[in-house]
Each structure stands twice: as structure tokens, then as C-alpha cells.
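What follows is one structure encoded as C-alpha cells, with my remarks underneath.
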Amino acid sequence: MAELKALCMKCRTNNKPTMRDMVNPVVTKNEKGRYSAKGTCSVCGGNMFKFMSEADGEAMMQ
Ligand SMILES: [Zn+2]
């Protein structure tokens, strides 16, 4: 599966969320056709969540 990056709320730089690699992302599509990904931060192991564009979501589902 493709690499996915998301903001981690736990890994903060200057008190702002930091972009991290998402481990084991699971992409889901909700009833409104919106794609989102859930995974684990590669640095701190915290939960991550990200909304995705339709194009990115479809690419990840393949
Ligand atoms: Zn983190």
C-alpha cells in the first residue's frame, strides 16, 4: 500500500501538529462518499486520522 502522511496531534513542533508517516493505514468510505484513513503514527504510536480526496481514496483502496 502507498505511503501516507498525516498530521499527528501528539508529535508537536512549536505547539503545532507535525506531519508523520502513517503506519498500517486503513482507508474507509463513509455513507456520503467521503474517504478517510485511520492509522498509527510511525514515531509516537498514537492514533491518526485523515480525510482524503476522492482520487487519493480510490488509489489507496486498490
Ligand atoms: Zn506522533
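FYI, it's all coordinate maths here, none of it is from the lab. Please read all numbers here as calculations on a predicted model, not as lab measurements. Glycine gets a Cβ as well: all are built from the backbone with ideal geometry, and neighbour counts include every protein chain shown.
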By Cβ neighbour count within 10 Å, fewest first, T40, T13 rank T13, T40
Name the residue farthest towards the positive end of the dipole of the chain from the options C41, L4, G57, assuming +1 on Cβ of Lys and Arg, -1 on Cβ of Asp and Glu, about the Cα centre. C41
12 Å Cα-Cα reach of K29 towards aspartates and glutamates, excluding residues that sit fewer than 8 places from it in its own chain: E54, D56, E58
Between N14, N47, N24, which gets the highest mean-square fluctuation from a Gaussian network model of the chain, Cα cutoff 10 Å? N14
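Per DSSP H run of n ≥ 4, the term is -39500 (n - 2.57); total these for the chain, divide by its residue number, and report the mean residue ellipticity at 222 nm rounded to 500 deg cm²/dmol. Display every interim value, and only then the final one.
Numbers: 1 runs with 8 residues, N = 62.
Calculated mean residue ellipticity at 222 nm is -3500 deg cm²/dmol.
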Between the modelled labels at E3 and K32 (7 Å from Cα along Cα→Cβ) the distance in nm is 3.1 nm
Reachable lysines from K16, criterion Cα separation under 25 angstrom, eight or more residues apart if same chain: K5, K38, K50
